[in-house]
Amino acid sequence: MDTQILSGKVVSASVYKGLKSRIVKLKTNSITPCLAVVLIGDDAPSHVYVKNKTKKFASLNLNSETIKLTNETSENALLEIINNLNNDNKYHGILVQLPLPNHINNETIINAIDPKKDVDGFNPVNLGRLAAGRPSFIPCTPKGIMRVFEYYKIDLSNKHVVVVGRSNIVGRPISILTSLKRKYSNATTTICHSGTKNISYFTKQADIVILALGSPEYLKGNDIKEGAVVIDVGINRVKSQTKTGYKLLGDCEFSSINGKASCISPVPGGIGPMTIAMLVENTIEAAEKSANFAL
Ligand code: NDP
């Protein structure tokens, strides 16, 4: 079987094209969407992610400011910074890059971000609204996955979706989105995790498998049925003899899935670019809402 590549580069390009007129409208009204990024410590992948995000904002003539803090920053100091960002009209969106150092409680920080500026969609207010099927800031990666389905006209209705991973960032929200009674959704969704016995029993039945567990090449060709759609969210840095000393692998083994699946999102170039595109879109939406623009 010829496996189609679901290109996040192609889909994100169409998203940016669609956002142009919204950016122009905001700028005509003297509003330039602005994202505040809080980056703590020296986690190398986090620095790369933040660099990629801010580069994209600059290329679209949008503003972003990175507040770099040391690993020793206290939880209280971080809360004060977030409070200042919440109250500063200059910033439409706030993103705190995860993971945080161990002495800082993720939940406390995420809860402190004003839901109206929570462009990552991790605040429980936004996650709760998502679960209730009401408009909210939807976490960027799951929102981006849904856009890929829409772009490639992969309708989930009457399909069985199996999600592996249940984090609040990817697995849980995508399991909600795929099962909402909405166009391109409406699937029967099963969510697997470390408490699931024999995960391949489920993935073999799936019409669509979404992998978000963070385990390199976890899913093999033998774990899916012929013609399944595979969405690979995983980004795993694995040591290699390359210039950087590592290579990026997804959560599925591309070589054995290719030729058996009908479609696959590659790593890199699949869901990664969609995550950034949805961050841009959410920030524009936050700026529009702050100005009471009709969406
Ligand atoms: P988390 O570590 O927060 O969650 C991983 C989830 O997978 C957990 O629910 C965990 O189960 C489950 N899990 C882990 N290992 C296994 C296993 N062997 N069998 C069954 N379940 C397992 O990760 P994230 O959700 O934040 O990220 C997942 C992956 O996606 C990572 O590789 C990350 O780098 C990548 N990612 C990519 C993005 C992109 O833009 N492409 C954006 C965000 C993440 P349990 O709950 O029981 O612990």
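For region 138-245, state which GluC sites (Glu not before Pro) are in a DSSP loop and have at most 13 other beta carbons lying within 10 Å of their beta carbon.
Numbers: sites: E150, E217, E226; in loops: E217, E226.
Passing sites in region 138-245 are E226.
Amide H to amide H, which residues 5 or more places from C252 or on other chains are under 5 Å from it, using H placed in the peptide plane?
E217, Y218, L219
Please state the relative contact order of region 41-133 as a whole percent: Cα pairs under 8 Å, 6+ residues apart?
Details: 65 pairs, mean separation 23.8, N = 93.
Relative contact order for region 41-133 comes out at 26 percent.
Using θ = phi - 60° and the Karplus relation 6.51 cos²θ - 1.76 cosθ + 1.60, list the HN-Hα couplings for region 170-186 in order, rounded to whole Hz, with x at every Gly or Pro.
3J(HN,Hα) across region 170-186, in whole Hz: 10, x, 5, x, 6, 5, 5, 4, 5, 9, 5, 7, 9, 4, 6, 9, 6.
List, in order, the whole-Hz ³J(HN,Hα) value for each residue of region 231-237 obtained from phi through the Karplus relation with A = 6.51, B = -1.76, C = 1.60 and θ = phi - 60°; use x for Gly and Pro.
Running phi through 6.51 cos²θ - 1.76 cosθ + 1.60 with θ = phi - 60° gives 10, 9, 8, x, 10, 10, 8 Hz.
As an exercise, find the ratio Rg/Rh for region 30-114 from alpha-carbon atoms, using the Kirkwood inverse-distance average for Rh.
Working: Rg = 12.8 Å, Rh = 13.3 Å.
We get a ratio of 0.96 for region 30-114.
So what does log10 I(q)/I(0) come out to for region 197-295 at q = 0.10, 0.11, 0.14, 0.23 Å⁻¹, using the Debye formula with one equal point on every Cα and no solvent?
Log10 of I(q)/I(0), two decimals: -0.38, -0.44, -0.62, -1.10.
Identify all lysines with a Cα-Cα distance to K159 below 20 Å; exclude those on the same chain that are fewer than 8 residues away in sequence.
Counting by Cα, and skipping residues close in sequence, K159 has these lysines nearby: K143, K181, K183, K204, K225, K260.
Which whole-number percent of Cα pairs in region 122-240 have a distance greater than 20 Å?
Working: 2786 of 7021 pairs.
Looking at region 122-240, the distances longer than 20 Å represent 40 percent of pairs.
Determine the dipole magnitude for the chain: charges of +1 sit on the beta-carbon of Lys and Arg, -1 on that of Asp and Glu, nothing else is charged, the reference point is the Cα centre, and the result goes in debye to the nearest 20.
Numbers: 35 positive and 24 negative charges, 173 e Å.
For the chain, the charge dipole is close to 840 debye.
Given Cβ point charges of +1 (Lys, Arg) and -1 (Asp, Glu) and nothing else, what value in debye, to the nearest 20, does the dipole of region 149-200 about its Cα centre take?
Working: 8 positive and 2 negative charges, 22 e Å.
In total the dipole reaches around 100 debye.
Go through A277, L19, L249 and say which Cα lies farthest out towards the positive end of the charge dipole of the chain; charges sit on Cβ, +1 for Lys and Arg, -1 for Asp and Glu.
Farthest towards the positive pole: L19.
Over the chain, with a single point scatterer placed on each C-alpha, what log10 of the ratio I(q)/I(0) does the Debye formula yield at q = 0.10, 0.13 1/Å?
-0.55, -0.93
Size of the dipole of region 30-114 about the Cα centre, Lys and Arg at +1 and Asp and Glu at -1 on the beta carbon, nothing else charged, in debye to 20? Could you put the intermediate results ahead of the total?
Working: 6 positive and 9 negative charges, 105 e Å.
Around 500 debye, computed over region 30-114.
I'd like the distance separating the alpha-carbon centroids of region 231-295 and region 154-186, in whole Å.
Here the answer is 17 Å between Cα centres.
Please report the antiparallel percentage of DSSP beta bridges with both residues in region 140-272, rounded to the nearest 5. Don't skip to the end; give the middle numbers.
Numbers: 4 of 21 bridges.
That works out to approximately 20 percent antiparallel.
Return the Rg/Rh value of region 67-198, two decimal places, where both radii are evaluated on C-alpha atoms and Rh is the Kirkwood radius. Before the final figure, lay out the partial values.
On the way: Rg = 16.9 Å, Rh = 16.3 Å.
Rounded to two decimals, Rg/Rh equals 1.04.
Quick check: the angle from helix 271-290's long axis to the longest principal axis of the chain, C-alpha only, nearest 10 degrees?
Tilt relative to the chain: about 40 degrees.
Specify the angular offset, from 0 to 90 degrees and rounded to the nearest 10, of the alpha carbon long axis of helix 75-87 from the longest principal axis of the alpha carbons in the chain.
The angle comes out near 70 degrees.
How do 101-111, 229-239 rank on mean C-beta neighbours within 10 Å, highest first? The partial results should precede the final answer.
Numbers: 101-111: 14.3, 229-239: 20.8.
Sorting 101-111, 229-239 by mean packing, highest first, produces 229-239, 101-111.
No value in this document is a laboratory result; all are computed from the given coordinates. It should be emphasised that the depicted structure is a prediction, and the values quoted were computed from it without experimental measurement. Reconstructed Cβ throughout: ideal geometry from the backbone, glycine too, with neighbour counts over all protein chains shown.
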